[in-house]
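Visitor: Here you go, one structure.
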Amino acid sequence: MAKRFFAEHGIPFTEKDVTVDPKAMEELKAVAGRFITPTLVIDGQVFIGFGMNLGPIREALQRGGYLEDRSTFGQ
């Protein structure tokens, strides 16, 4: 869901696959303190999970200039 949301809104992102990249796994542990995906980091703010954090994620993206409107997911 997170990848689709970013793609639909033209928001650049970097995907890291912790199942095949040990460095990414260590980074996830350092950033989130646990191994939960998806974990998103937006301008230094950490969000564990996507759907339940959609409101705060939208706000962070708007503050960062990545998301201009308050449209609903998928539109």
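Visitor: In angstroms, what radius of gyration and Dmax does the stretch 2-63 have, counting Cα atoms only?
Guide: Reported Rg and Dmax, both Å: 11.7, 32.
Visitor: What distance in nm separates the simple spin-label points at T37 and R63, each placed 7 Å from Cα in the Cβ direction?
Guide: Output for this residue pair reads 2.7 nm.
Visitor: Residues with beta-carbon under 15 Å from that of T14, excluding T14: net charge, scoring Lys, Arg +1 and Asp, Glu -1?
Guide: In short, -2.
Visitor: Suppose a student asked you for the relative contact order of the chain, using Cα pairs under 8 Å spaced at least 6 residues apart; what percent would you report?
Guide: 24
Visitor: Suppose every K and R has +1 on its Cβ and every D and E has -1 on its Cβ; what is the size of the dipole of the stretch 2-63 about the Cα centre, in Debye to the nearest 20?
Guide: I would put it at about 120 debye.
Visitor: Continuing with this model, one more query. For I42, what residues show an amide H to amide H distance below 5 Å, using hydrogens built from the backbone and excluding near sequence neighbours?
Guide: HN-HN under 5 Å from I42: F47.
Read the figures in this text as sums done on the coordinates, not as results from a lab. From a predicted model like this one, the values you see are computed outputs, not experimental measurements. Because the Cβ atoms are built from the backbone with ideal geometry, glycine has one as well, and the counts that use them run over all protein chains shown.
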